[in-house]
Amino acid sequence: MAVIKSNYAVEEGIYQMEVAWTGDVRPGQFFMLRAWDRDPLLSRPISVHDYDAESGTLSFLYQVKGKGTKLMSELGPMDAIQLDGPHGNGFPDVKSNLVVVGGGMGIAPLLYAVRDFKAKHKRKKVRVYLGYSFESYGVEPFNDVADDVIVNIGGIITEKVEVKRGETVFGCGPNVMMRALADAVPPKHPVYLSLEKRMACGMGVCLGCSVKTVDGNKQVCADGPVFERDELIWEGGL
Ligand SMILES: Cc1cc2nc3c(=O)[nH]c(=O)nc-3n(C[C@H](O)[C@H](O)[C@H](O)COP(=O)(O)OP(=O)(O)OC[C@H]3O[C@@H](n4cnc5c(N)ncnc54)[C@H](O)[C@@H]3O)c2cc1C
Ligand code: FES
């Protein structure tokens, strides 16, 4: 059990929760969260949005979709929440300059990815593209850590993305956006995408979160959620 430090709306239906937690966590990893006994049955996967090891604060950015996230949104400071994780393999440690592309809630795992990259590679540059359908949210912290942040509302963010010589791309968002990103970035640039599938166990046991790859079926929870573009088979979606 972990104790909630704060939990507040950053936009209608979008919440940020800070939890007291210390440990090792890599960008792109996720936790299985639950703050209820039996209903809903399963814990819910939520990515690490940010982590401050000094103050022992782990942050999640989440959208209220159904029962689980609604229950989470009703919690307040000092309430307890069960955190199981971190799970999965996160974004790799890259040594080139970085381009980061987030669509809607897909921005969630990308802030810690940018923060961690800049902490490890102070002289390297990160350019961030954030695309939203209606309202932007969560932009300010990216302004604090990235070299350049491009925000687009109501458009197609992948049409704005420029990738320059030697840059690596990280992306997260709706499948259609990630597919467009995978198609748009020239093959010489590595592209790492964080995928979402509905999850039950979160640790590779139930086989409920399979995705087709060139090496056969893999589990998004245990083998991902981050995959290299060339591993993925997109036929008929993911
Ligand atoms: C690895 C991983 C990391 C994630 N990180 C975040 C995050 O940082 N922030 C965030 O807001 N959400 C994240 N999600 C999605 C989040 O887990 C779901 O929105 C949540 O489980 C919905 O639970 P619920 O009980 O509120 O809704 P439910 O009642 O379970 O579902 C409500 C609606 O949400 C859809 N839904 C449920 N689970 C998923 C899913 N995994 N992917 C897409 N749609 C889903 C359902 O199809 C349904 O339409 C992540 C998912 C994965 C797999
Ligand atoms: S959620 Fe069970 S194998 Fe991935």
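The values are calculated or read from the model by the stated rules, or taken from the named source; none is laboratory data. Just so you know, these numbers come straight off a predicted model, no measurement behind them. Cβ: placed from backbone, ideal geometry, glycine included. Neighbour counts: every protein chain shown. Side chains are part of the model used for accessible areas, which takes the heavy atoms of the whole protein and leaves out ligands, DNA and RNA. Shrake-Rupley method; radii C 1.70, N 1.55, O 1.52, S 1.80 Å.
Take LYS197 and tell me if it is touching a Gly at 6+ places or on another chain (Cβ under 9 Å) and under 18 Å from GLY224 (Cα atoms).
So LYS197 passes the test.
For the stretch 190-202, which positions are over 14 Å from the mean Cα position of the chain (by Cα) and either open to solvent by 10 Å² or more (accessible area, probe 1.4 Å) or polar (S, T, N, Q) (or both)?
Listed by number, the residues that qualify are PRO190, ARG198, MET199, ALA200, CYS201.
Report whether or not GLY216 is at positive phi and free of Cβ contacts under 8 Å to residues at least 24 places away in the same chain.
When the stated conditions are applied, GLY216 passes them.
One line per residue, one yes/no per condition, for (1) surrounded by 15 or more Cβ atoms within 10 Å (Cβ to Cβ); (2) within 12 Å of ligand 1 (Cβ to nearest atom); (3) aliphatic (A, V, I, L, M):
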| residue | (1), (2), (3) |
| --- | --- |
| GLY204 | yes, no, no |
| THR213 | yes, no, no |
| ALA222 | yes, yes, yes |
| GLY237 | no, no, no |
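If you go through the stretch 92-111 one residue at a time, how many are buried (at least 24 other Cβ atoms within 10 Å of the Cβ) and either more than 21 Å from ARG165 (Cβ to Cβ) or among the charged types (D, E, K, R) (or both)?
Residues flagged as buried (at least 24 other Cβ atoms within 10 Å of the Cβ) and either more than 21 Å from ARG165 (Cβ to Cβ) or among the charged types (D, E, K, R) (or both) within the stretch 92-111 amount to 7.
Does the stretch 169-220 hold any residues that are among the β-branched types (Val, Ile, Thr) and away from ligand 2 (no atom under 11 Å from the Cβ), and which are they?
Once the filter is applied, which keeps residues that are among the β-branched types (Val, Ile, Thr) and away from ligand 2 (no atom under 11 Å from the Cβ), the stretch 169-220 yields VAL169, VAL176, VAL185, VAL191, THR213, VAL214.
Which of the residues belonging to the stretch 177-213 are touching a residue at least 60 places away in the same chain (Cβ under 8 Å) and at positive phi?
GLY202
Filter the stretch 10-61 for residues that are touching a strand residue (DSSP E or B) at 6+ places or on another chain (Cβ under 7 Å), among the β-branched types (Val, Ile, Thr) and either open to solvent by 50 Å² or more (accessible area, probe 1.4 Å) or within 16 Å of ligand 2 (Cβ to nearest atom) (or both) and give the result.
VAL10, ILE46
Restricting attention to the stretch 161-174, which residues are surrounded by fewer than 16 Cβ atoms within 10 Å (Cβ to Cβ) and within 16 Å of ligand 1 (Cβ to nearest atom)?
Of everything in the stretch 161-174, just one residue is surrounded by fewer than 16 Cβ atoms within 10 Å (Cβ to Cβ) and within 16 Å of ligand 1 (Cβ to nearest atom), namely PRO174.
Of the residues in the stretch 1-20, how many are more than 11 Å from ILE81 (Cα to Cα) and part of a loop (DSSP other than H, G, I, E, B)?
Summing the residues that are more than 11 Å from ILE81 (Cα to Cα) and part of a loop (DSSP other than H, G, I, E, B) in the stretch 1-20 gives 2.
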